Structures are given as C-alpha cells and as structure tokens.
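One structure is given here, and the rest of the page talks about it.
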Amino acid sequence: MRQTLHRERLMNDAQLKALLRKTQAAAAAAKPKKNRTYDATLDATRPPTTEEGEAADADAADLFAQMKKREF
C-alpha cells in the first residue's frame, strides 16, 4: 500500500515537472504587448521602458485612481 502511494506521488511530481517546463516555455515564447502607433517617428523617439519607469507608472496610476474616488 505504501509503495503504491509513493509511486503515485512520483508520477504526480513528474507530471508537475512536465507542466512547469511547458508553462515556462510558453512564458518565454510570449511576445510583449506592442503599443499600436500610426506614426513611425513616435516609436523612434520614445525612450525605452525600464522596470523603474514601469513601477513609477503603476504608482501614478494608483494615485490617480485614488484621486478620482475623492471629491475636492
């Protein structure tokens, strides 16, 4: 009885590892969203995005969402 439970656990671990490999491959292959622009000069003059800039944008979005909820 104990050996069958151990074998089932090993199968589940193997299935889990296969699923992890599959999802990691899909995440690595996923293309980032590209903003749609109609003027090529906008893409050429836009500065590259950084993690710090994205964090600041997220903070600003949260701040403006809170401001919209309040009346001044």
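None of the figures in this text is laboratory data; all of them are computed from the coordinates on show. Fair warning: this is a prediction, and the values are worked out from it, not measured in the lab. Glycine also receives a Cβ, built like all others from the backbone with ideal geometry; neighbour counts cover every protein chain displayed.
Residue ranges 38-50, 15-27 sort as 15-27, 38-50 when ordered by packing (mean number of other C-beta atoms within 10 Å per residue, highest first). Of all lysines in the structure, those lying under 17 Å Cα to Cα from residue 31, and not within fewer than 8 positions of it along the same chain, are 22. Only aspartates and glutamates eight or more places from residue 68 in sequence, or on another chain, were considered; those with a Cα closer than 19 Å are 57, 59.
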